[in-house]
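Comments concern the structure below.
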Amino acid sequence: MAISKKDNKRPRKEKSESIGVDALRASFGLGKLEENEHTSKGGAAKYTSGSKSKSSGQKPSKGAGNASAKAEKILYNAEAPYNFVPLISEVVTGEIAEVSQTAYKEHVLAHGKNTGYIDLEITSKSPLFIGGNGEKFFAPSGKPMIPGSSIRGMVKNLFKIITCGSMRPGEDIEDKHLYSRGMAAKGNFGKYYSERMSETKTVTIDGKQVRKPFSKAQPGFLIKLKGTDEYYVCPAQGKKVKYEENDMRRSAKKGSVTWPVKKEDTDIYRCEIHTGKMTHKDKKTGRFEDKWIYYTIFSPDWRKENRIPVPSEVVRDYDNDHPANDKLKGISLRAMAKKDNEAAGFTHCKDIDFVVPCCYLAEDGVVQHFGHGLHYRIPYKKSIADHVSNSLKDESVADLSDMIFGRRELWGSRVFFEDALHEGTVKKLGSSLTHPLLSPKPTSFQLYLEQSPDADMNTLKHWDEEAKIRGYKLYWHQGNNEKQWQLNPAKDKKIEGMKPIEPLSANNCFKGRIRFSNLSDVELGALLAVFDLARKDKNICYKLGMGKSIGLGSVTISAGLHLIDEAERYSGMFAADGMAEGDADGDKQWDSLISGFEAYRSQHLQREKAFQRVLSELKTMLDWSVTKNQASWLPKMAYMPIGDKTDHRYRDRAILKKPSEYIQ
């Protein structure tokens, strides 16, 4: 569901004097950002120093995060195995005047005269894999099949594009607050992160007053009340501490929490937060060395009256960004917490069943966000749905997808997708590990949001600025390469938990069926339009199954229409040859149904020319012919590397061209 602004209780006040990226890094104990330096994850909080400061009081340097920084041109074009079909801010509505069950029923009774089925013949053009039992292709009856749900998802997605459908939170997009961390970011994004997480203060060092950066965040303990979903933060004290030379924890790749450590010669117990390996450039030697700071949190205030509430959406958004079982995502506080009796024992509070040290930022008595260590990932104030035009989110209209696929809680579907069963000899490929199947990363705003082609590092739009999402994400075809998808042990890193798969090769055939009931001419024409793309252009292929990003799942689909005369069908119910199956000549009406739908769509669009450009980009994404020159095409299908000192496209936020420009 969408996150309504009414329910979002986070106050929208975070005004402070901003500081530059170099000054922000100084607050973390790191040197200036060098040209080829790459950093990893961390966080931000307000601490006292564990050693005498060596600050000279110099002004923040003109790093990329400063407003005065010179705009840096983006010199590269991004490459990815996916691209986007753009949106237009219009919805072609269905043939009812209002969204109600009464209006829907009246429409179906008056215009729902088409009943029948569409026969589908699906042939793999590349290796194909539908997840089943372990590494094997989906085959619950012993023979490979493509589930009707997989076909339905693909068809509905293309249907929404072709019919200018809505894009509603919770139905068509997953609405959430994305998280990001811009401590070392260039341009306006670095400035944005600095403004939200850091401030400068005047302090006295060696008798001199100097300006020094501090984090806005505070140390504390995140707790949950027993038997509830209520979270709070208990304020605490915190301190930066230097690692000893032989302390191996300063080189650990992942963060951790040490529970608890008794401070020498005192009765104070402290928790230690280690945020994982990070390097800085030593000013004297010029060498990159491991960071030398970790953090302690101690003296918590468990009293009920001083606990700071954490809104449920803040916890939910954090969990969405930091899955406890996601080994690729990094640090999750949930994985490090004490729970149940251990939590009650540590806090000496019977009403607490979850506790973990954290850093947090609160305003007006409410926690805005929290994380592990200093300079942690913070949520954008705007959610994904805030970047979709209001006209596309309008629930007061029913689009054509609502009409035939169903509208939640109002009416059901009038189209039904059967499983597609394998025909002929099953052609398999050998079992192998795959390239890592990476999840979508919409935090890469330079790829997922509309950007000016002339944007530089100071004008790129991020998720808290006014920008629209780029559209429907689709994956390119990559050709029929039987080894392209396989993990190369010499080059690729094997990720813990990866399992091999056994795809089918190209030229495997499946046959399935879509049944429909009581569709109007316009609705049936719209459904046929999905398959009419390939009917008119033999280079059009579709995508099904897993591994689309690594070249799996390209298929051809041929469709045949069969209409049923229900009166004739039931009149022959007791005849010797049984009920009539349908009119084999239904294809004769195909073209007229398509023409009727296209006329309806054109009549209800104010921006017909803009939509034709959308349709052109869709056809480009589905075009198999772009794969002909494998030598030049396959390199464009690779994800951009992160941390490669010879390839700065990801670091410098290269922009992804639209499909028609990308293939040039």
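The values are calculated or read from the model by the stated rules, or taken from the named source; none is laboratory data. Fair warning: this is a prediction, and the values are worked out from it, not measured in the lab. Cβ coordinates were reconstructed from backbone atoms using ideal geometry, including for glycine residues, and neighbour counts include every protein chain displayed. Keep in mind that these areas ignore ligands, DNA and RNA; they rest on the heavy atoms of the full protein, side chains included. Shrake-Rupley method; radii C 1.70, N 1.55, O 1.52, S 1.80 Å.
Taking the criterion of being over 18 Å from Asp321 (Cβ atoms) and open to solvent by 10 Å² or more (accessible area, probe 1.4 Å), the residues of region 458-468 that qualify are Asn458, Thr459, Lys461, Glu465, Glu466, Ala467, Lys468. Scanning region 85-97 for residues that are touching a residue at least 12 places away in the same chain (Cβ under 8 Å) and open to solvent by 20 Å² or more (accessible area, probe 1.4 Å), we see that the one that is farthest from Gly112 (Cα to Cα) is Pro86. Scanning region 408-429 for any residue that is aliphatic (A, V, I, L, M) and buried (at least 20 other Cβ atoms within 10 Å of the Cβ) turns up at least one such residue.
Going by what's in this entry, would Lys191 be described as among the basic types (Lys, Arg), over 20 Å from Leu622 (Cβ atoms), open to solvent by 30 Å² or more (accessible area, probe 1.4 Å) and out of contact with any Leu (no Cβ under 8 Å at 6 or more places or on another chain)? Yes: the conditions hold for Lys191. Among the residues in region 377-390, are any at pLDDT 90 or above, open to solvent by less than 10 Å² (accessible area, probe 1.4 Å), in contact with a Leu (Cβ under 6 Å, 6 or more places away or on another chain) and closer than 18 Å to Tyr193 by Cβ? Looking for residues that are at pLDDT 90 or above, open to solvent by less than 10 Å² (accessible area, probe 1.4 Å), in contact with a Leu (Cβ under 6 Å, 6 or more places away or on another chain) and closer than 18 Å to Tyr193 by Cβ, one finds at least one in region 377-390, hence yes. The strands (runs of 3 or more DSSP E) located wholly in region 58-144 that include 1 or more residues which are over 30 Å from Ala185 (Cβ atoms), of a type outside the set (Ser, Thr, Tyr) and at pLDDT 80 or above occupy 114-124, 134-137. Filtered by the rule that a residue be of a type in the set (Ser, Thr, Tyr) and closer than 24 Å to Lys393 by Cα, region 453-480 gives a lone residue, Tyr472. The criterion of at least 2 residues that are in contact (Cβ under 8 Å) with a residue 60 or more places away in the chain and touching a helix residue (DSSP H, G or I) at 6+ places or on another chain (Cβ under 9 Å) is met, among strands (runs of 3 or more DSSP E) falling completely within region 389-500, by 415-417, 472-475.
Looking across region 101-134, the residues that are over 18 Å from Ala506 (Cα atoms), open to solvent by less than 70 Å² (accessible area, probe 1.4 Å) and under 33 Å from the mean Cα position of the chain (by Cα) come down to Gly132, Gly134.
Of all residues in region 198-223, those that are under 18 Å from Pro311 (Cα atoms) have Cβ atoms under 6 Å from Cβ atoms of residues that are open to solvent by 20 Å² or more (accessible area, probe 1.4 Å) and part of a strand (DSSP E or B), 6 or more apart or on another chain, in Gly220/Pro235; Ile223/Tyr232.
Within region 403-454, the residues that satisfy the criterion of being in contact with a Pro (Cβ under 7 Å, 6 or more places away or on another chain) and farther than 21 Å from Met637 by Cα are Asp419, His422, Val426, Leu429, Ser431. Please enumerate the residues belonging to region 636-664 that are out of contact with any helix residue (DSSP H, G or I) (no Cβ under 6 Å at 6 or more places or on another chain), under 18 Å from Lys548 (Cβ atoms) and modelled with pLDDT of 90 or more. Hits for region 636-664 are Lys636, Met637, Tyr662. Assess whether Gln209 counts as being closer than 19 Å to Glu363 by Cβ and of a type in the set (S, T, N, Q). It is false that Gln209 is closer than 19 Å to Glu363 by Cβ and of a type in the set (S, T, N, Q). For region 540-587, a residue qualifies if it is modelled with pLDDT under 70, aliphatic (A, V, I, L, M) and outside any loop (DSSP other than H, G, I, E, B), and exactly one does: Ala567. Apart from one condition, Pro357 fits all of (1) assigned to a helix (DSSP H, G or I); (2) of a type outside the set (A, V, I, L, M, F, W, C); (3) under 31 Å from the mean Cα position of the chain (by Cα); the exception is (1).
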